[in-house]
Amino acid sequence: MRSNGALSQRRRQQGHSLSQNSPCQPARSLSHNGNKHVTSNSDQMGRASSSPFYHNGENFSSNFPKKKDTCQVNGSRPTKGQTVVLVEEDEIQPVETIEPEIKLTECMKGAKIYYPSRDDPESVEICYSDINCLAPEGFLTSPIMNFYIRYLRLQISPTNKSTCDYHFFNTFFYKKLKQAVSHKGSDKGSFFVKFRRWWKGVNIFQKAYVFIPIHEDLHWSLVIVSIPDREDESGPIILHLDSLGLHSSKSVFEDIRSYLIEEWNYMNQEVSPSDLPIADHIWKKLPCKIDEKKIEVPQQKNDYDCGLFVLFFMERFIEEAPERLKKKDLAMFGKRWFRPEEASGLRVKIRKLLINEFQNAKVSSPLSSDCASP
C-alpha cells in the first residue's frame, strides 16, 4: 500500500486534477439568466438559464477518440480494437471487443447541462469536458461524483417508504463541516446556525442513513451515519469506508461526532424526543451513545479508482441495507462484499449515462440551425 504522501506526489506528477470545483472553462462565457443558483445542499451552486443545454464551439478537447470506420471483410485489415477470427483460409471476420465510441457532433464542444433539469433546486452543473475524467486512469472530479450521487437518489423508488429515510450530502459538504465544528469564538453558535442551511428543513436524526463523501489529499472515501430504530436501544453509528485506507478514520470520526453533537444541541431546543426514532433515554445522553466503526471493504487495485469505489459503496449499500441498521448487520461488509472490478466498471456506465444526457439535451433543445444538423 502506498503512503499518503507518495500517492499524492504520483498523482500530481501525472497531472490529474481533483479540484473540488472542477470548473468548465470554454473560450467565452456561456449565456446565463441572471445569478440564480442551483445545486445540491443549497451551496456551491451553478447558474441557471432558460435552456438545459449550452454551447460554445471553441477550445474543446476530449480524451475520447471518434470511432473509426469498420473494416471490410474481404481482405482488408481489421480496425484497431477488434479481434480477428479466422473462419476460412483467407477470410477475416472482425469481432468487436471494445464498446464502440459514440460519435458526437461539434455542437457538444463547450456544452453544459443541469442534471436532472435546470428547474431542480438541487441540480448539478456538468460541462461536457468533465467527461474527460472518465477516461482510463482518470481521477473523478466533483461534478461527476455529484452527478452520480444525484442519479442514485433518483433511482430510489418513489413508492418505497424508505426513500425519505436517506439523506445525501454532496462533495462540498465535508469541508464546510470541518470549518463549522472547528470554529472558535463567541459566535460559534451563530456560525453553526448558518451552516445548517446545508440541510434546511431536514431533521438528520429522523433519517435512517446519511451519506457524506469525503475528499482530502487527492483521495475519496465515504462516511455513512446510521440512525437506529427506537426499539434498538442504541445511538447513531458512524461508518467509515475507505478503499485505500488513506484517510484517518480517527480524524473523520472526531469531525462527524462533533457535527452530530452540535446538531443534537440545536435540535434539543427545537423538537421533542417523541418525534425521533431514537429512544428517549438514548436521546438525552446522545453524545455518549455515538458509536464508530471503521468498515473493512474491498480495496481498489490502483491509485485512481477511489471515486468510483465511493459511488459503488453508496449504490451497493442502498441495494442491500435494511430499513434501519443494527450492529449485527455490519456483517454485510467485508473484503469480499463485492469484486473490485464491479466498482471500477462504473467508469464506463457513468460515461454512457452522461453522453446520453447531453444527447437528449441537444435533441430537446437545439442550439441553432447550423448546430442542429451534423
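Just to be sure before I move on: is Lys294 in contact with a Leu (Cβ under 9 Å, 6 or more places away or on another chain), under 17 Å from Ile227 (Cα atoms) and of a type in the set (Lys, Arg) in the structure I sent?
Spelling it out, Lys294 is indeed in contact with a Leu (Cβ under 9 Å, 6 or more places away or on another chain), under 17 Å from Ile227 (Cα atoms) and of a type in the set (Lys, Arg).
For Asp291, work out the one condition from (1) at pLDDT 95 or above; (2) closer than 30 Å to Val124 by Cα; (3) open to solvent by 40 Å² or more (accessible area, probe 1.4 Å); (4) not small (Gly, Ala, Ser) it doesn't fulfil.
So the condition that Asp291 fails would be (2).
Given (1) surrounded by 14 or more Cβ atoms within 10 Å (Cβ to Cβ); (2) touching a helix residue (DSSP H, G or I) at 6+ places or on another chain (Cβ under 7 Å); (3) assigned to a loop (DSSP other than H, G, I, E, B), where does Pro322 come up short, assuming only one miss?
The single condition Pro322 does not satisfy is (1).
Listed here are the residues, each with its yes/no results for (1) over 30 Å from Arg230 (Cβ atoms); (2) touching a Cys at 6+ places or on another chain (Cβ under 9 Å); (3) open to solvent by 30 Å² or more (accessible area, probe 1.4 Å).
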position	(1), (2), (3)
Gln300	yes, yes, no
Lys327	no, no, yes
Phe333	no, no, no
Arg336	yes, no, yes
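Give all pairs with beta carbons closer than 6 Å in which a residue from the range 329-353 that is closer than 28 Å to Asp232 by Cα meets a residue that is part of a loop (DSSP other than H, G, I, E, B) and modelled with pLDDT under 95; count only pairs at least 6 apart in sequence or on separate chains.
Asp329/Pro322
Suppose we keep only residues that are among the small types (Gly, Ala, Ser) and open to solvent by 30 Å² or more (accessible area, probe 1.4 Å) within the range 228-258. Which one would you say is farthest from the chain's Cα centre (by Cα)?
Ser258
Within the range 108-142, take every residue that is within 21 Å of Leu152 (Cα to Cα) and touching a Gly at 6+ places or on another chain (Cβ under 6 Å) and give me the one that is least open to solvent (accessible area, probe 1.4 Å).
Selected residue: Leu140.
Considering every residue within the range 259-281, establish whether at least one is open to solvent by 10 Å² or more (accessible area, probe 1.4 Å), within 30 Å of Gly334 (Cα to Cα), modelled with pLDDT of 95 or more and not hydroxyl-bearing (Ser, Thr, Tyr).
yes
Val348 is checked against (1) surrounded by 13 or more Cβ atoms within 10 Å (Cβ to Cβ); (2) modelled with pLDDT of 95 or more; (3) not in a loop (DSSP other than H, G, I, E, B) and fails just one. What number does that condition carry?
Condition (1) is where Val348 drops out.
Which of (1) among the acidic types (Asp, Glu); (2) under 25 Å from Pro121 (Cα atoms); (3) open to solvent by 10 Å² or more (accessible area, probe 1.4 Å) does Glu216 not meet, given it meets every other one?
With (1) among the acidic types (Asp, Glu); (2) under 25 Å from Pro121 (Cα atoms); (3) open to solvent by 10 Å² or more (accessible area, probe 1.4 Å) applied to Glu216, the lone miss is (2).
The values are calculated or read from the model by the stated rules, or taken from the named source; none is laboratory data. Predicted model, so just to flag it, every value in this text is computed and none were measured. So basically every Cβ, Gly included, is an ideal-geometry build from the backbone, and we count neighbours across all protein chains shown. Accessible surface areas use protein heavy atoms only, side chains included; no ligands, DNA or RNA. Shrake-Rupley method; radii C 1.70, N 1.55, O 1.52, S 1.80 Å.
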